[in-house]
Each structure stands twice: as structure tokens, then as C-alpha cells.
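First the structure, in the form of C-alpha cells, and then the observations on it.
We did not get these values from a lab; they are worked out from the coordinates using the rules stated. Just so we're clear, the structure is a prediction, and the values are computed from it rather than from any experiment. Virtual Cβ from ideal backbone geometry, glycine too; neighbours counted across all protein chains shown.
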């Protein structure tokens, strides 16, 4: 007796499912990579999950779940605002704004 040879239909189905699996894995990988973001040095990030604040993060790389699970809002840091406006909320000297 000889070994049963797979039919053309079985081989086609096997390769189609492999291709479909690779395509879904590639799409899932691209979706997950969208969750890597960079926070500039003059900003802070507020991470919200489904609209609720989960955490805050400083400058650097930020790893979150991609949209629509997490959303990131960038806000200017207090140190940056303090450097621009000074301790009393007035614009610092030499920044091109007139003071009264």
C-alpha cells in the first residue's frame, strides 16, 4: 500500500489558511506598533483608557494600547510654562512680547 497523497483541494486550503494567518498577524502587529509614541521634552502625556484618565507620563517613549482603547493627550509641562511665563505669569524678558 502506498501513502495517501493529499489532494489539490487540501493543499490549496492549507496554503490559503497560512496566508490568511500571516495577513492577520501582520495587521495585528501594525496595530500594536501604533501604541508606541514619543512625548517631546516640553510636554507631558495624559493617557486615557475609554475616556477615563489612567496615568500621566513625562518625556520619552510611551507605550499604550492603540486607538480606540487608549488615547493620549499632550499637555505642556509646568516647568516649560514656568520658563516661558515666569513665576508671576508674565512673559519672560527677551521673548519678543511687550510687558506693561
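Which of the peptides 16-28, 41-53 is most tightly packed, and how do the rest follow, going by the mean number of other Cβ atoms within 10 Å of each residue?
The densest-packed peptide leads the list: 41-53, 16-28.
I need the per residue convex hull volume for the stretch 1-74, using only the alpha carbons, in cubic angstrom as a whole number.
Normalising the Cα hull of the stretch 1-74 by residue number yields 121 Å³.
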